[in-house]
Structures are given as structure tokens and as C-alpha cells.
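Heads up: the structure comes next, in C-alpha cells.
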Amino acid sequence: GQGDSILRSGVDGTSPVVMYVGNLEHYQGITLLLEGFRHALIRVPNAHLVIVGGIEEDIAHYGRRAIQLGIGSRVHFLGQRPVSELDQLFRQADVLVSPRLKGLNTPMKIYSYLDSGTAVLATRLRTHTQVLDDHTAYLVEPDPESLGDGLAELLSNPVLREHLASHAKAYVQREFTPEAAHRKLGSFYSMMESRASGAEV
């Protein structure tokens with residue numbers, strides 16, 4: 001099916017998918033995500049984690065980490081994908097995750113996450129909470145167990161996912177005019193590949 005071409009990595013279309021999109025800089029919390037996902041697999045053993053973005057060196061680093069954690073077969077690195085594929089990728093996810101550990105600016109990807117129609121899980125830090133609340137996202141403390149419990153809860157609860165996703169979409173469409181949203185997304189996409197210091201995707 002159409003899904004195979006994008007998630008060309010053993011994700012069968014029936015297993016739940018957690019997805020991260022963005023660069024793989026340290027502040028993004030990818031280690032936290034991997035450790036949290038391992039915890040989530042205890043409750044949702046058929047889940048997959050798909051990571052979109054990042055340069056080869058970072059992908060190799062986190063790929064080794066996933067193997068060390070014993071979850072290598074469940075974690076798929078797609079590398080950088082064209083912007084035109086992102087909407088389709090978002091739709092194939094059950095949960096979009098922003099596990100970042102620090103940063104004051106709200107990451108631009110949050111706006112596209114919220115508009116995606118897919119439930120969002122994020123760390124309960126100011127970088128997120130200045131835009132997100134408990135109606136628009138599943139907010140978790142930035143530790144592996146909390147993140148893993150949140151993922152497991154969301155993956156097991158389609159009603160909650162639907163509730164969060166619909167609130168999120170309504171919020172984005174209410175708060176951001178198309179022009180503002182377009183501007184924000186434009187800068188998000190231009191920064192997807194960026195490793196410039198201070199560039200927060």
C-alpha cells in the first residue's frame with residue numbers, strides 16, 4: 001500500500017506508530033524519547049517509533065543507542081524527507097512526539113503537529129506549555145518513565161487521541177491565521193536541516 005513506500009521499514013500499517021520529526025540535536029531529547037519508548041513497549045509491545053530528520057552522524061549515534069536499549073528492531077530512522085511528504089507521514093502516525101529537554105522558544109514543528117489531526121505528546125516544559133495545554137496535547141514530565149507511560153496511555157486510548165487531535169486542530173485554526181501559520185511553517189521547514197547553533201526546530 002501507499003504506507004509502505006514511506007514507512008518502508010517493517011511497519012505493517014496495523015501496529016501503532018509514534019513519530020518524531022525534526023533535527024536530532026541534543027536539546028531535542030531523542031535519548032529521552034528512546035528510553036521512554038522502551039518503557040512504553042512494556043505495555044504496547046507492537047508499537048513502532050519512526051524518526052524523521054537528522055544528519056547521518058546523528059542517526060548513526062541514536063541508532064546505536066536504540067540497539068543498546070534492545071529496541072533496534074522497533075525504531076526506524078527515515079532521515080530527511082521532502083516537505084511534501086510530511087503531511088502523509090503525519091497521517092500515518094498515531095502519536096506525534098516532541099520530547100525536547102530545553103529551549104524557550106516554542107518549536108515550529110508544534111504548529112504543524114497540532115494541525116495534523118494526529119495526537120501530540122510533549123514534555124511539560126515552558127518551550128511547549130506557552131502554546132500547549134492539557135486539552136491540546138498529552139503533557140509529560142521529561143523523564144523516561146513519564147514519557148513512556150504517556151505514550152502507552154495514548155496508544156491504548158483512541159478516544160483520548162481523537163479528543164486531543166481535534167482540540168489541537170481547532171486551536172491552531174482559531175489562533176493562527178493562514179498567513180501566520182504559513183510563516184511559522186515556512187521557517188520550520190527551512191530549519192529542518194539546520195544545525196546552526198540556536199536554531200530551534
* To do: Assign one of three labels to the stretch 26-98, namely rounded, prolate or oblate, based on the Cα gyration tensor with a ≥ b ≥ c the square roots of its eigenvalues; rounded applies when a/c is under 1.5, prolate when it is not and a/b is larger than b/c, and oblate otherwise.
  => oblate
* Structure fact -> Non-local residues with an amide H under 5 Å from the amide H of Y138, with H modelled 1.01 Å from N and Pro and chain starts lacking one, are V120, L121, A122
* In nm, to one decimal, how far is the modelled label at Q173 from the one at A60, with both set 7 Å along Cα→Cβ? -> 4.5 nm
* Structure fact -> Note, L154: beta-carbon cut-off 14 Å, +1 each Lys/Arg, -1 each Asp/Glu, net -3
* Asked: Which residues in the stretch 90-105 place their backbone N less than 18 Å from a point set 7 Å from the Cα of E162 along the Cα-to-Cβ direction?
  -> 91-96
* Residue-span extension gain [E145 to D133] - 0.36 nm each, minus C-alpha spacing -> 2.3 nm
* Surrounding net charge for V75, when Lys and Arg each add one and Asp and Glu each subtract one, Cβ distance under 10 Å -> +3
* Asked: Among 30-43, 50-63, what's the highest-first ranking by average C-beta atoms within 10 angstrom per residue?
  -> 30-43, 50-63
* Would you grab the residues whose amide H sits under 5 Å from the one on F77? Only those 5+ places off in sequence or on another chain, please, with H modelled 1.01 Å from N. => I51
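Each reported figure results from applying straightforward, stated rules to the coordinates on display, with no laboratory input. What you are looking at is a predicted structure, and each value in this text was computed from that prediction instead of being measured. Heads up, the Cβs are rebuilt from the backbone with ideal geometry, glycines too, and the neighbour counts pull from every protein chain shown.
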